[in-house]
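First comes the structure, then the notes that go with it.
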Amino acid sequence: MAALVTAAHTCLACGRADGQLVLDLGVQPLANNLLTAEDIASSEPRFPLRVFVCPGCWLLQIADLVPPVKLFSEYLYFSSFSDELMRHAKEAADRYCEDYRLGPGSFVVEIASNDGYLLQHIVQANVPCVGIEPAANVARAARDKGIETWTEFFGPDVARRLVQARGPADLVLANNVLAHVPEVHDFIDGLRVLLAPGGRAVIECPYATELIAKTEFDTIYHEHVFYFTLTPLIELFSRHGLAVWNVERIAIHGGSLRVFVGHHGAHPVAPAVGALLAEEQVAGVATMSYYAGFARAVEELRYSLTSMLADLKRQGRRIAAYGASAKGSTLLNYCALGAETLEFVVDRSPHKQGRFTPGSHLPIVAPAELLERMPDVTLLLTWNFADEILAQQRAYRERGGRFLIPIPSPAIR
């Protein structure tokens, strides 16, 4: 088993200074920095992308941080362009409104509310709510849906202003944002300030045990500072007077955690919390050996994928890609895949069409191009939505087109 390398990395959560290098994905462009034709002619910023584990609190994290204002002030990811994510959001919103008896006298806040894909269902239920979304262009899309949205980076100051303006929150939602925040203590302290005494926060984030077990290395990019298991989350929230009182494993995004948080003692702790902690302990989450083979598995996957693509090219097959996603950027750049292998990338979002992928500089076009140009094989970069996309592209498949799904191991469907 490959040995981990000691590095002078200080943990952003507990402050311990002997972080261990788990995976080095090289120097990468910003994963959501989709380029215009003019941008390609200029120098594209790139940054090291390395993942460490802290041997004190066992939190996986990247070492090379990019200021959030460079990542999120103008953003091209709109949640509403995924049917599966929309279904997931509606089911969650309906469940919370029913389980927590939310009504006109309640107050809900969503942090990183994107284009209002979830809060629109809270509004329809006649529950007062506010979204917090730092990307001005995405926040405008939410306001167009009638959702009050503050264009802010969330923290204690924003929480205090919210409480002063609207009162404390009965429910705070934070889907796929906690992993993005380098100042994780400010974020969690903001939750403490914002939550009503009996309030609940529900947080979703990719689950690091799934990432490791399924070799989901492409989930790693500069926006994702942290890769959580439950073990470090318990300690993180406890430092701020908050407790994890329930946890669920959910399938979205290749395997995620849904963590329920409240003030200490406000809610009885469900058996699921202890059960998942015990499961992680048995798996070895709090041991160096648990992480040691990950880099080797990633290298093996890269070799398998690039070899398969090279074989297809030798056979004269034409290859495209589907999904101008952040995870797709990591995969393309780590595997050094560009125009010599792939003709173009399709994506449903009109905000991305007409641009080019970071680093690899592949043109992004509408999904209709698959039928018009009929590549033999399409590399599915958004493999986490495979069932949805394969169903949408039934006509392409019926005409002989095939999808190459790279994770957890390359396979053609």
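The values are calculated or read from the model by the stated rules, or taken from the named source; none is laboratory data. These numbers come from a predicted model, not from an experiment. Heads up, the Cβs are rebuilt from the backbone with ideal geometry, glycines too, and the neighbour counts pull from every protein chain shown. The protein model used for the area step is the full one, side chains on, heavy atoms only, and it has no ligands, DNA or RNA in it. Shrake-Rupley method; radii C 1.70, N 1.55, O 1.52, S 1.80 Å.
Odds and ends about this structure:
- Among the candidates T209, T229, T219, residue that is closer than 30 Å to G323 by Cβ, among the polar types (S, T, N, Q) and touching a Lys or Arg at 6+ places or on another chain (Cβ under 8 Å): T219
- Residues being among the charged types (D, E, K, R) and closer than 14 Å to H222 by Cβ - total across region 25-69: 4
- Restricting region 133-154 to residues that are part of a helix (DSSP H, G or I) and crowded, with 22+ Cβ neighbours inside 10 Å, the residue that is nearest to the chain's Cα centre (by Cα): V138
- Figure legend. Inter-residue proximity from region 225-239: first residues of a type in the set (K, R), second residues part of a helix (DSSP H, G or I) and crowded, with 23+ Cβ neighbours inside 10 Å, beta-carbon distance below 9 Å, spacing 6+ or different chains. Indicated pairs: R239/I188.
- The number of residues in region 265-292 that are surrounded by fewer than 12 Cβ atoms within 10 Å (Cβ to Cβ) and among the polar types (S, T, N, Q) comes to 1.
- In the set (1) assigned to a helix (DSSP H, G or I); (2) crowded, with 17+ Cβ neighbours inside 10 Å, the condition left unmet by H222 is number (1).
- Criterion violated by M86 - all others in (1) surrounded by fewer than 19 Cβ atoms within 10 Å (Cβ to Cβ); (2) assigned to a helix (DSSP H, G or I); (3) out of contact with any helix residue (DSSP H, G or I) (no Cβ under 7 Å at 6 or more places or on another chain); (4) at pLDDT below 90 satisfied: (3)
- Every residue from region 114-132 that is within 14 Å of G103 (Cα to Cα) and either out of contact with any strand residue (DSSP E or B) (no Cβ under 7 Å at 6 or more places or on another chain) or assigned to a loop (DSSP other than H, G, I, E, B) (or both): H121, Q124, A125, N126, V127, P128
- Which numbered condition G116 misses (of (1) surrounded by 17 or more Cβ atoms within 10 Å (Cβ to Cβ); (2) without any contact (Cβ under 8 Å) to a residue 24 or more places away in the chain): (2)
- Set G241, G255, G262, G338: member being open to solvent by less than 60 Å² (accessible area, probe 1.4 Å), at pLDDT 95 or above, on the phi > 0 side of the Ramachandran plot and not acidic (D, E): G241
- Test: residue in region 352-367 that is surrounded by 24 or more Cβ atoms within 10 Å (Cβ to Cβ) and closer than 19 Å to R413 by Cα: no
- Scanning region 375-401 for residues that are open to solvent by 10 Å² or more (accessible area, probe 1.4 Å), under 18 Å from A324 (Cα atoms) and over 23 Å from the mean Cα position of the chain (by Cα) yields a count of 1.
- Filter pass, P206 being in contact with a helix residue (DSSP H, G or I) (Cβ under 7 Å, 6 or more places away or on another chain), open to solvent by 10 Å² or more (accessible area, probe 1.4 Å) and modelled with pLDDT under 95: yes
- Test for G293: is it among the small types (G, A, S) and at pLDDT below 95: yes
- Looking across region 119-146, the residues that are free of Cβ contacts under 8 Å to residues at least 40 places away in the same chain and touching a Pro at 6+ places or on another chain (Cβ under 8 Å) come down to N126, V127, P128.
- H267 in contact with a strand residue (DSSP E or B) (Cβ under 7 Å, 6 or more places away or on another chain), under 29 Å from W383 (Cβ atoms), in a loop (DSSP other than H, G, I, E, B) and not polar (S, T, N, Q): no
- Selection of region 293-322 for residues being hydroxyl-bearing (S, T, Y) and touching a strand residue (DSSP E or B) at 6+ places or on another chain (Cβ under 6 Å) yields only Y322.
- Residues satisfying the criterion are absent from region 20-34 (criterion: over 23 Å from the mean Cα position of the chain (by Cα) and of a type in the set (D, E)).
- Residue match in region 155-170 (condition: basic (K, R), in a helix (DSSP H, G or I) and in contact (Cβ under 8 Å) with a residue 12 or more places away in the chain): yes
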